[in-house]
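First up is the structure itself, then whatever we jot down about it.
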Amino acid sequence: MPKFETARGSLRIRLIVIPASLLVLGILAATVTTLYGARDRIHSEIDSGVNLGSRLMEYALDDVASSPNPAEALRQLREDLAHVRHIKVAYVANPAQDKVEPPNSDSKHAAPHWFQQWFEPARVVQTYKVNFGNEPHGELVMWTQPADEVNEVWLGLTFVTGLLGVLSFAIIALILLTARQTLAPLHTLVEGLDRLEQGQFDALAEIRVAELRRIGETFNRLAHSLARTEADNHFLIDRLMSVQEAERKELARELHDEFGASLFGIRAAASCIIAAIGTRDAMDVAAQELIDKEIVDRAALISTLADGIQKQNYRILDRIRPVILHQMGLFDALRQLVDSWGAHHRDCSYALDLPSENLSFDEEVSLTAYRIIQECLTNVARHSKAKAMHIGLRYGTDAKATGLHIRIEDNGIGLPAGFRFGFGFLGMSERLRKLGGQLHISNAPRTGTIIDAFIPASPRPSERVFSERLENILIK
């Protein structure tokens, strides 16, 4: 069963039951309307037939009595009375001896017995004397036939209800067919959502229902976005794993090649110093001077090796986490970063705009801003082929929040067609997402690339401001 057919009732059933209920109510209303005045109608029709028959009988019998051929006139009268609705007329030649039973209705569409008992009024019987001249010649007996009118009411009722029933069935069939065709795209959407849940991001075929076409288009965009996001996540995970492995190999190589060799040289120089000091006292003055000079040289070598180890250690630590941020603050660290980059890329001019006030931010905010600008500098050097670059950083409030606004512009070749985030941009985007920030990358109006980043942040009090506040508290 489709998921949108819940325990409270399926949408298909609701689309059928509600119109069907309305049609049933319409049939009931038509039936009640038909039966509401049926009894009065029957009485009215019967009274009308009786009145017409009585008047016709009275005038015709006078004509029969005065007619030169009474028998023919009587026969003609009986034929005429046969056409009067809702009455039957019989001729009784000898009323004292002959008994005439009222005839039954000859309708082919007789109403059920219960219906006749419900609506059929009491039968009226009237007799009229027949005279040929001044002599009595039997009598005419007239009975009312209410069953005829009851049968007509029944026939009209069955016709109306039957016609409405056929129309209702046709309408329900059309609703069922329409609901089936209309709900087919919903089944397709549900199947598509099931595939999304299983990690299959296939697009849906075009939905021909106009009201649902936009949902299908939105679904396809969502599926494409999820597929791209999953691909980006896989790419990011793969790159993270490869970068971690590369970093480990690089650290292992540097520890082995640089630190290992330097430490081995320090140990060798220290051993030589120890050995020289042990033999120095047993030598003459000239030999002692040579030994002292060797000790100084070995000590200088140890100092040089230690300085190299220190620089290598600083470079590794800076690559893992910039120590300069803690030592100098964000703005000074950015100045040194950009100046160092400019010194190695003299073919590209640059400009750096920073706030005049030296603000201090949380460690994560400062590190994110530093890494974003560092990554942008790397991309400009590797891919943009730019000759000029501008880096702007300001702190302020926009329509949404307060924080750091970073904008990097270059006049390079711009973004390629079908551009997708690489590992660097994915890392930048994830850093900003973690802090609730935003990243927007686009081509410049003329040439080059524009990168806008926003980091929600509030500045921390500087150490000077903090000490002044502490002083004021202590004085008070």
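The values are calculated or read from the model by the stated rules, or taken from the named source; none is laboratory data. All values derive from a computational prediction rather than experimental measurement. Here Cβ is always computed from backbone atoms with ideal geometry, including for glycine, and neighbour counts include all displayed protein chains. Accessible surface is based on the protein model in full, side chains and every heavy atom, while ligands, DNA and RNA are left aside. Shrake-Rupley method; radii C 1.70, N 1.55, O 1.52, S 1.80 Å.
Picking from residues in region 55-70 that are surrounded by 15 or more Cβ atoms within 10 Å (Cβ to Cβ) and in contact (Cβ under 8 Å) with a residue 24 or more places away in the chain, the one that is farthest from Y128 (Cα to Cα) is P70.
Matching residues to (1) under 26 Å from A90 (Cβ atoms); (2) open to solvent by less than 50 Å² (accessible area, probe 1.4 Å); (3) in contact (Cβ under 8 Å) with a residue 40 or more places away in the chain:
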| position | (1), (2), (3) |
| --- | --- |
| M142 | yes, yes, yes |
| E149 | yes, yes, yes |
| G162 | no, yes, no |
| G165 | no, yes, yes |
| S168 | no, yes, yes |
| L186 | no, yes, yes |
| L189 | no, yes, no |
| G192 | no, yes, no |
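One line per residue, one yes/no per condition, for (1) open to solvent by 30 Å² or more (accessible area, probe 1.4 Å); (2) polar (S, T, N, Q); (3) modelled with pLDDT under 75; (4) assigned to a helix (DSSP H, G or I):
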site	(1), (2), (3), (4)
G26	yes, no, no, yes
I46	no, no, yes, yes
E72	yes, no, no, yes
Q76	yes, yes, no, yes
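Please count how many residues of region 33-44 are open to solvent by less than 90 Å² (accessible area, probe 1.4 Å), in contact (Cβ under 8 Å) with a residue 24 or more places away in the chain and closer than 14 Å to G156 by Cβ. Selection size over region 33-44: 4.
Annotation: of all residues in region 438-457 being within 19 Å of A369 (Cα to Cα) and open to solvent by less than 20 Å² (accessible area, probe 1.4 Å), the one that is modelled with the lowest pLDDT is A457.
If I ask for residues that are open to solvent by 80 Å² or more (accessible area, probe 1.4 Å), farther than 14 Å from L196 by Cα and either over 24 Å from the mean Cα position of the chain (by Cα) or of a type in the set (A, V, I, L, M, F, W, C) (or both), which ones from region 216-239 would you list? Write out each step before concluding.
Just the residues of region 216-239 that are open to solvent by 80 Å² or more (accessible area, probe 1.4 Å), to begin with: 217, 221-222, 224, 228, 234, 237-239.
Narrowing further to those that are farther than 14 Å from L196 by Cα: 217, 234, 237-239.
If the condition is that a residue be open to solvent by 80 Å² or more (accessible area, probe 1.4 Å), farther than 14 Å from L196 by Cα and either over 24 Å from the mean Cα position of the chain (by Cα) or of a type in the set (A, V, I, L, M, F, W, C) (or both), then H234, I237, D238, R239 are the ones that fit.
Of all residues in region 381-407, those satisfying the criterion of being under 36 Å from the mean Cα position of the chain (by Cα), surrounded by 20 or more Cβ atoms within 10 Å (Cβ to Cβ) and not small (G, A, S) are L404, I406. Each residue in region 344-380 was checked for being open to solvent by 20 Å² or more (accessible area, probe 1.4 Å) and either modelled with pLDDT of 90 or more or assigned to a loop (DSSP other than H, G, I, E, B) (or both), and 15 pass.
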